[in-house]
Amino acid sequence: MEPIILASSSPRRQEILKLLNIPFQVIIPNTDETITQGFSPEEASELIARQKISEIIHSKPMGQEIPWILSADTIILFNGKLYGKPQSHEEAFNFLKEFQGKSHEVLTSIVLYNGKTKETVSKTCRTKVTFTKMSDEEIQRYLDTGEWHGASGGYRIQSLASCFIEKIEGSQSCVTGLPIRELYDMLKEQGYSILE
């Protein structure tokens, strides 16, 4: 298999690619991940993922071949509002305080650049996550672990936050940040087989 450039600093996305035995190289784009208002949730997450791809392509010397680039972006939709990565401990607390005892949607857009065709394709996955009720003290103790840093919505479902997840309707890998089925379908459609 050809190596893929992963345009992400996420250890979880790296773990998923390792799980699938996909060779990859990490290049971290310097993308502003501020959620742009005026876009649908799908458009907002896809736009950020596409910007990451564009930054990688434009950072390479002219004429250098780039076989594959994969990027992803995860956002949360709750009560009509989009949530990205909290910028402070206080904002992370407010996010979790709003989510506790309720359901929200997690959207992860994945974008794949095929260097052979010079085309970029995308898919978006949606999953509903329901948190149990949490006391302020529980939220504070969770945030004190530091897991909220760099995590959409201020939590990581694959770690201690799983203690507070009552129900998931959809793909857990979507919430983790790289939906596996959508990734497999996208790679297969582009002629990149991971089952050889």
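The values are calculated or read from the model by the stated rules, or taken from the named source; none is laboratory data. Just so it is clear, the structure is predicted and the values come from calculations on it, not from any experiment. For neighbour counting, all protein chains shown are included, and Cβ atoms are generated from backbone atoms with ideal geometry for every residue, glycine included. Quick note on the areas: whole protein, heavy atoms, side chains included, nothing else; ligands and nucleic acids left out. Shrake-Rupley method; radii C 1.70, N 1.55, O 1.52, S 1.80 Å.
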Just the residues that are of a type outside the set (A, V, I, L, M) and buried (at least 16 other Cβ atoms within 10 Å of the Cβ), please, taken from the range 168-177.
SER171, GLN172, SER173, CYS174, THR176, GLY177
Looking at the range 80-105, I want the residues that are within 17 Å of CYS163 (Cα to Cα) and have a partner that is hydroxyl-bearing (Ser, Thr, Tyr) and part of a helix (DSSP H, G or I) with Cβ atoms under 8 Å, at least 6 apart or on another chain. Which pairs are those?
LEU96/TYR142
Mind telling me which of the residues TYR142, TYR155 ends up being more than 23 Å from ALA49 (Cβ to Cβ) and hydroxyl-bearing (Ser, Thr, Tyr)?
TYR142
Give me the residue from the range 1-48 that is β-branched (Val, Ile, Thr) and open to solvent by 40 Å² or more (accessible area, probe 1.4 Å) and, out of that set, farthest from LYS81 (Cα to Cα).
VAL26
Need the failing condition index for GLN51 against (1) free of Cβ contacts under 8 Å to residues at least 40 places away in the same chain; (2) open to solvent by less than 20 Å² (accessible area, probe 1.4 Å), just the number.
(2)
Considering ILE139, ILE194, ILE180, ILE157, which residue is touching a strand residue (DSSP E or B) at 6+ places or on another chain (Cβ under 7 Å) and surrounded by 13 or more Cβ atoms within 10 Å (Cβ to Cβ)?
ILE157
Has the range 67-75 got at least one residue that is part of a strand (DSSP E or B), closer than 18 Å to GLU46 by Cα and free of Cβ contacts under 8 Å to residues at least 60 places away in the same chain?
yes
